[in-house]
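To keep things clear, I will list the structure first and then write my remarks on it.
The values are calculated or read from the model by the stated rules, or taken from the named source; none is laboratory data. Values in this document were obtained by computation on a predicted structure and should not be read as measured data. Cβ coordinates were reconstructed from backbone atoms using ideal geometry, including for glycine residues, and neighbour counts include every protein chain displayed.
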Amino acid sequence: MTISESACVLFVSYNCFFQNVHISNFSSSWADGMAFCALIHHFCPEAFDFNKLNPAERAKNLSLAFRVAEENAGIVPLLEVEDMLLMGEKPDYKCIFTYVQSIFIQFRDRD
């Protein structure tokens, strides 16, 4: 694991303590959008009610996380909801890591 990967793992672990969020990798752990929502909600808690999210509503969760990240923090969505859905339960590690890294860069000094 590279230094930047280790930093992102620590960042995510520290900021994603939410029900229905279990992060063990940069692939399947992010497939339902809940991890993205948890991470964004940690920094933008007023943007949406995390407790109303449903892990089965992948498209809704992904869309919400990507939209809120862009609108509230200027984080350009490097992933498309449709692409994430096509990748199924095992999204591409590099795609997920790259987007999480952009979130990390934006928020690393806020908490």
Any chance Cys37 is at pLDDT below 95 and either out of contact with any Cys (no Cβ under 7 Å at 6 or more places or on another chain) or under 20 Å from Ile105 (Cβ atoms) (or both): no
Among (1) at pLDDT 95 or above; (2) surrounded by fewer than 17 Cβ atoms within 10 Å (Cβ to Cβ); (3) within 13 Å of the chain's Cα centre (by Cα), Ala56 falls short only on (3)
For the list (1) modelled with pLDDT under 95; (2) surrounded by fewer than 15 Cβ atoms within 10 Å (Cβ to Cβ); (3) touching a Cys at 6+ places or on another chain (Cβ under 9 Å), I need the number of the one condition that Val76 fails. (3)
Unmet requirement for Ser63, which otherwise passes all of (1) in a helix (DSSP H, G or I); (2) at pLDDT below 95: (2)
For residues in region 25-53 being assigned to a loop (DSSP other than H, G, I, E, B) and within 13 Å of the chain's Cα centre (by Cα), which is surrounded by the fewest Cβ atoms within 10 Å (Cβ to Cβ)? Asn25
